[in-house]
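Every number in this text was worked out from the coordinates using simple rules, so none of it is lab data. Keep in mind that this is a model prediction, so the values were computed, not measured. As a convention, Cβ positions derive from the backbone with ideal geometry for all residues, glycine included, and neighbour counts pool all protein chains shown.
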């Protein structure tokens, strides 16, 4: 969850290959011998896909790894974080870490196909005729339609469907699990939103103010006053009272005005109404789950995870569970890495490999 307004302002040619049949002729003095036919190898491919939810066409990329013809693949729906984050995990032009595109490549190396798409307000999908952010339920309906589109792909194994969500996408993965009839076999919650939205925002801002005090940029009293003002503004917004941000630092005031203004207010209320640990309790028993947190993640700190993990435990989920990623930030970078570096650290890659181990295969299988 990046410290920003959830929204600023805001697959189809199928490759077919013939089956190669090798006939072995008779050998003098022996019976007929034959070699078992082996399906042709289909190379990896990306193909464009589109689907329609609530009358709006969304566009995405289906990544299909190399595989033998006729072989069904585990299939993962990839969900982005907050803000205008597109199918690749980017907010161009300023923020382009390629988080979801890199994740698709990692999963593809394990033989898992994936679908990532431009959610409302991003990429080719755009606003869909809206002039304000849809509420969380609309984003969920869009993600559910994407999940069902992935399930319908001819290469996809309908019994090995996965959902991988980053940041706010982790909460959305839980909501997709709750909404779909055929439940995912696995959920990977990567640095997931683990608290009510505005509680998390308040925590992020408090930590930011404390760091400013430690660096000598603010006095302790200035930090206290701004923390108090943020808490009051959040309480007033939740109670639908007028919100006064005039006494706050300009940067904080601008952030809260953007979140609470007419463009984003409905979305913020609908997200803030959700308590991720409660949603996690509804996950189907036996679902394989992964939860990651980076020790240098200032957006969703590891200390926020226990309640979410308790919810998953109450649901009797299985799998790798929590993986703490030493030294990694919210974008799965080693701390201090430039945000636009296209890299996912080895520890995060290993967590994904471990998550998909039951469904791994190579093209030679």
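Within the range 277-295, list the residues whose amide N lies under 20 Å from a label point set 7 Å along Cα→Cβ of residue 335. Those under the cut-off are 292-295. Using a cutoff of 8 angstrom between alpha carbon atoms and counting only pairs six or more residues apart, the relative contact order for the range 82-146 works out to 27 percent.
Between residue 240 and residue 313, the distance separating the two model label sites (each 7 Å from Cα on the Cα→Cβ line) works out to 3.8 nm. When shorter helices are ignored and each DSSP H run of at least 4 residues is given -39500 (n - 2.57), the per-residue value for the chain at 222 nm works out to -10000 deg cm²/dmol. Once a ≥ b ≥ c are taken as the square roots of the eigenvalues of the Cα gyration tensor of the range 142-186, is the result rounded (a/c under 1.5), prolate (a/b larger than b/c) or oblate (a/b not larger than b/c)? Taking the square roots of the gyration eigenvalues as a ≥ b ≥ c, the range 142-186 is prolate. Each label point was placed 7 Å from the Cα along the Cα-to-Cβ direction; for residue 179 and residue 266 their separation is 1.5 nm. Its relative contact order, with pairs defined as Cα atoms under 8 Å and 6+ residues apart, puts the range 97-181 at 19 percent. Of all DSSP-defined beta bridges confined to the chain, some 40% are antiparallel rather than parallel. Centre-to-centre, using Cα atoms only, the range 263-302 and the range 104-149 are separated by 17 Å. Taking R0 as 41 Å, what's the FRET efficiency between residue 208 and residue 66 from their Cβ-Cβ distance, rounded to 0.05? It comes out at approximately 0.35.
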